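Throughout, read-outs are computed from the coordinates displayed, never taken from laboratory work. The shown structure was predicted, so the numbers you read here are calculated from the model rather than taken from an experiment. Neighbour counts run over all protein chains shown; Cβ positions are idealised from the backbone, glycine included.
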Ligand SMILES: CC(C)(COP(=O)(O)OP(=O)(O)OC[C@H]1O[C@@H](n2cnc3c(N)ncnc32)[C@H](O)[C@@H]1OP(=O)(O)O)[C@@H](O)C(=O)NCCC(=O)NCCS
């Protein structure tokens with residue numbers, strides 16, 4: 001396989017990212033969420049990444065700011081997702097490259113943690129841990145097991161807490 005290039009999205013990619021999301025997911029909710037995220041306060045252009053294969057966009061991941069509510073107060077962490085790879089190119093490691101690139105780019109931006117809702121076994125490959133082990137939950141209607149998270153600053157989850165996703169994420173469920 002040709003090398004995968006992971007880079008931050010630019011406006012010219014929006015249409016291709018839409019196609020990736022529409023092909024990877026069953027409905028339009030994820031594609032619409034990505035559009036809405038771009039217009040929201042939590043959007044970080046450098047953390048909306050595309051995977052290119054032979055000059056075509058074949059995958060996308062976005063990390064955005066969400067609130068972490070703890071007994072010590074509120075702070076901001078990152079939420080990973082939606083993430084998608086076109087079905088014709090899945091199971092070839094493109095998703096893994098996107099996740100690893102996203103983590104590597106998030107670290108120097110000094111966010112304290114990343115949370116992700118969905119496929120816990122998959123994300124644990126990259127160092128995410130079950131959120132419930134810290135007493136961490138979220139406001140999405142998902143099973144406790146489905147939330148995983150990664151501390152980028154040691155101890156950020158030591159008191160547990162709740163990840164508060166913006167309302168727009170609830171359209172996925
Ligand atoms: C999930 C997804 C992004 C993975 O991308 P990818 O390029 O295939 O990922 P990789 O090649 O790095 O890893 C593949 C692994 O992902 C995991 N995986 C893929 N789809 C999965 C699913 N539906 N449930 C659980 N794990 C899944 C498997 O462990 C798989 O391992 P395998 O290839 O040995 O079977 C891609 O399959 C996809 O776009 N799926 C549809 C959209 C989606 O569900 N996105 C994630 C939720 S936001």
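Among the candidates 62, 66, the residue that is in contact (Cβ under 8 Å) with a residue 40 or more places away in the chain and surrounded by 15 or more Cβ atoms within 10 Å (Cβ to Cβ) is uniquely 66. With the requirement that a residue be closer than 16 Å to residue 105 by Cβ and in contact with a helix residue (DSSP H, G or I) (Cβ under 7 Å, 6 or more places away or on another chain), what does the range 22-66 give you? Matches in the range 22-66: 43, 46, 47, 49, 50, 51, 59, 60, 61, 62, 63, 64.
Contact map, the range 11-30: first residue in contact (Cβ under 8 Å) with a residue 24 or more places away in the chain, second residue surrounded by fewer than 17 Cβ atoms within 10 Å (Cβ to Cβ), Cβ cut-off under 7 Å, separation 6 or more or different chains; pairs are 23/87; 24/87; 29/171.
Residue 86 - would you say it is touching a helix residue (DSSP H, G or I) at 6+ places or on another chain (Cβ under 9 Å), within 14 Å of residue 172 (Cβ to Cβ), surrounded by 17 or more Cβ atoms within 10 Å (Cβ to Cβ) and touching a residue at least 24 places away in the same chain (Cβ under 8 Å)? Judged against the criteria, residue 86 is not a match.
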